[in-house]
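See structure below.
The values are calculated or read from the model by the stated rules, or taken from the named source; none is laboratory data. This one's a predicted model, so the numbers in the text were calculated from it and none came from an experiment. Please note: Cβ atoms are built from the backbone with ideal geometry, for glycine as well, and neighbour counts cover all protein chains shown.
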Amino acid sequence: MNRVIPFSNLDGPGNCYAVFLQGCNLNCHYCHNPETINKCDLCGVCVAACPTKALTFDEKSVVYNEDKCIKCDTCLSVCPINSSPKTRNTSVNDLFNDIRKRADFLSGISFSGGECTLQHKAITELFTLLKNKLPFLTRLIDTNGNIELEMLPDFVDNTDLFILDVKAFNEDEHIKLTGKSNKLILKNLNFLLTLGKLFEVRTVICPDVFTCEETVIEIAKILKGSNTKYSLTPFRPQGVRKQFLKIKTPSDSYISKLNKIKDNYL
Ligand code: SF4
Ligand code: SF4
């Protein structure tokens, strides 16, 4: 697990307990949390670099002492493999108990990442427990869609809503941007739409990297007539890896133009 935000109104409808899992199966140029992409291989580089000795290395794991941490992010910038020493392992029962004690103040629980579906077995176990014991909480998955959801019926059945990121409609551009084809993602888009579980589709607008108009038009055409929200988010450089900082931020007028195009097709 990368981190938990116990009360978030950005990660789903209402007030969500938001869990961010470690590990991703895409490698997007504009990723804002590149430290969530890979699992730590215990190289120890960050331990030597930490200015406050908040990290210690016991050969089996990196031990993170939050009390000593000054949040300088040096550990994230020196990590050679886009990982973080601040991740932690937890159990389904521990997560469930933490959610249960806050449940009166929550409307739902959301999982994202990294790519949370890579840990679909643990999520299915937790969501099954939540469905039985705290059924009033909405169970939401925020995914890049790069996993065959049709092959995970228990996971899909126990999830109420999905947020799906569609990075680019053109396959070649998608490969250039993320390192992988978008075939599975578009298949999942149609699958979730048919199930009526697609709460929102999101596209990061990054005109330097892909043909945004084409993506917006084609996705809006697919969503036409549904209740699914389609959100366009302008690319911002915060948190992005050094080699991708030269990507241009889109102007407000360009985003407005795309939103008008989108609304014409929805
Ligand atoms: S952010 Fe990382 S490097 Fe900085 S003090 Fe905390 S653990 Fe150490
Ligand atoms: S977080 Fe990165 S730098 Fe630190 S031990 Fe793990 S792989 Fe090495």
Cβ pairs under 6 Å, 6+ apart or interchain, first in the range 216-238 and without any contact (Cβ under 8 Å) to a residue 40 or more places away in the chain and assigned by TED's automatic domain parsing to the domain that holds Leu186, second assigned to a loop (DSSP other than H, G, I, E, B) and of a type outside the set (S, T, N, Q), ordered by first then second residue, are Pro234/Pro250; Pro237/Leu245
Quick check, is Ile175 under 25 Å from Leu129 (Cα atoms) and not charged (D, E, K, R)?
-> no
Filtering the range 78-114 down to residues that are more than 20 Å from the chain's Cα centre (by Cα) and under 28 Å from His29 (Cβ atoms) yields Val78, Cys79, Pro80
Filtering the range 239-251 down to residues that are free of Cβ contacts under 8 Å to residues at least 40 places away in the same chain and not small (Gly, Ala, Ser) yields Lys242, Gln243, Leu245, Lys246, Thr249
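Out of everything in the range 191-201 that is under 17 Å from Ser231 (Cα atoms) and of a type outside the set (D, E, K, R), what residue ends up being nearest to the chain's Cα centre (by Cα)?
Once the filter is applied, the top-ranked residue is Val201.
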Check your understanding: Is it the case that the range 115-124 has a residue that's in contact with a helix residue (DSSP H, G or I) (Cβ under 7 Å, 6 or more places away or on another chain), more than 27 Å from Lys242 (Cβ to Cβ) and within 16 Å of ligand 2 (Cβ to nearest atom)?
Key -> no
Test Lys197 against the stated conditions and say whether it is surrounded by fewer than 15 Cβ atoms within 10 Å (Cβ to Cβ) and of a type outside the set (A, V, I, L, M, F, W, C).
no
- Message: Any residue that is loosely packed, with under 15 Cβ neighbours inside 10 Å and either over 30 Å from Val201 (Cβ atoms) or at pLDDT 95 or above (or both) - is there at least one of those in the range 12-24?
- Response: no
